[in-house]
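The values are calculated or read from the model by the stated rules, or taken from the named source; none is laboratory data. Quick caveat: nothing in here was measured; it's all calculated off a predicted structure. A quick note on method: Cβ atoms are made from the backbone with ideal geometry, for glycine too, and the neighbour counts reach across all protein chains shown.
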Amino acid sequence: MEKTKDILLDWRLHLSVLVITVIAEAVGVIAVPIGIGSILLLPLLYAFVMGLILNPNVIRKVEGWMGQREVRAASPLIVIAIMPFIAKFGTIIGPSMEKIIAAGPALILQELGNLGTILLAFPVAVLVLGMGREAVGATFSVAREPNIAIIADKYGLKSAEGAGVMGVYVIGTLFGTFIFAILASLLATSGWFSIEALAMACGIGSGSMMAACSGALSHAVPEMKEQILALAGASNVLTYATGLYLCIFVALPVTEKLYDLLGRKEPVASNAGE
Amino acid sequence: MSTAELPVDYEANTKPDLGQHAVLLAAVSLIALVGNTVATDATVIQGLVGLAVLYVIAMVGLVLTHVVPINLPSVAWISLVGILATLPWTPGSAWVLDKVSHVNFLTLATPCLAYAGIAITRREISIAKSSGWKLFIVAVLVMTGTYVGSAIIADLFL
């Protein structure tokens, strides 16, 4: 690992990130409405794309500005750069603690339902699509920022698991509101679940997806709008509070165990370390 | 070639060199400050104070990661410190909340994703090329599974 001084001396890297951040934030959020949902373009997505454009592995020509040295130096900074975000995230949960405690057992227990992704997505990813270790990162959670932080911390974002979680994250950010709006509308009209249950399920730990999901639900059942928004909001805050810990202690270990059972055996164990 | 490629290095990630993190975290916070100034109506001073508070929360979390013998990721500690600092019954929580309110949540993730884009290796690009469509299918199933799973359990306990 490089010394602090060396990493700070990678000034081209930090200057690039600074410029990227300024451009991305200056452009701001763009919502592209598509029928019942909308595709949400966030500054962090532009930042990711601009980072890719400056990456010599993606565009050979930028090698004069940034080389493999900067690419390597960028990797440990991913985890460090997410720390202020996670700190802010904690300060969003704290004030709502009373609301969460008051929310009741159904609301708390349905958090376990977030493990449904492992039951549905993991077997398909590994058995049908033949994915390798990236399936662990892709399917253990709904791949929002805290989940990325867990994977970055445990495997590094440069790992196969990191590629999996980033892939689902990017698709979720682009199409998540759209997918949740469709899901909520379909299930609301199916009559399979009570509307209260569907409202609670909307809280999956993403503000925009929760808004799209509860918006679509209240569109389908307008007379229950207030109740839907309150339940979805409380559930979303609860997911922020519990999701990180549910993922660390349950979801990720369970996914790992399942991979041991069903997964492709990698030829060399060091693959996971790259 | 580089030791950064070896799994043994993750040991170093979970037990961070605090001095190193303190310096890099400050550098990253400065980038976030510029981003926050562009993104929000907050003044530079408001953003600076807010980010300084978040910096302290993150550093306390890192120190806890370092000294507490439970093997939790640093992000879990940082999140916990942030929660504890802003609980309604924590003295001074209103002050903390007021200061960090000038820092935009999603803006803080922007520099991180820029680093992530720059850190992509050739190997990851080949993964994306060969399994991009698979990831799309998986992403749809992930969201469906999460949503339906929660709805089933909520329905059972209502």
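Any chance you could count how many residues in region B:94-122 are of a type outside the set (A, V, I, L, M, F, W, C), surrounded by 15 or more Cβ atoms within 10 Å (Cβ to Cβ) and at the interface with another protein chain (Cβ under 7 Å from one of its Cβ atoms)? Steps first, answer last, please.
From region B:94-122, those of a type outside the set (A, V, I, L, M, F, W, C) are B:98-99, B:101-102, B:104, B:107, B:110-111, B:115, B:117, B:121-122; that's our starting set.
Subsequent filtering for residues that are surrounded by 15 or more Cβ atoms within 10 Å (Cβ to Cβ) retains B:99, B:102, B:104, B:107, B:110-111, B:115, B:117, B:121.
Cutting the leftovers down to at the interface with another protein chain (Cβ under 7 Å from one of its Cβ atoms) gives us B:107, B:110-111, B:115, B:117, B:121.
Total meeting the criteria: 6.
Among the conditions (1) facing another protein chain (nearest Cβ under 10 Å); (2) of a type outside the set (Lys, Arg); (3) assigned to a helix (DSSP H, G or I), the only one that A:Ile204 does not satisfy is (3).
Among residues of region A:146-156 being in contact with a Gly (Cβ under 9 Å, 6 or more places away or on another chain) and at the interface with chain B (Cβ under 9 Å from one of its Cβ atoms), the one that is farthest from A:Tyr46 (Cα to Cα) is A:Tyr155.
Out of A:Ala81, A:Ala74, one residue alone is at the interface with chain B (Cβ under 7 Å from one of its Cβ atoms), modelled with pLDDT of 85 or more, on the phi < 0 side of the Ramachandran plot and touching a Pro at 6+ places or on another chain (Cβ under 9 Å). It is A:Ala81. Among the residues of region A:223-231, is any farther than 22 Å from A:Val136 by Cα, buried (at least 17 other Cβ atoms within 10 Å of the Cβ) and at pLDDT below 80? No: region A:223-231 contains no residue that is farther than 22 Å from A:Val136 by Cα, buried (at least 17 other Cβ atoms within 10 Å of the Cβ) and at pLDDT below 80. The residue of region A:1-37 that is modelled with the highest pLDDT, among those that are more than 8 Å from chain B (Cβ to nearest Cβ) and buried (at least 18 other Cβ atoms within 10 Å of the Cβ), is A:Asp10.
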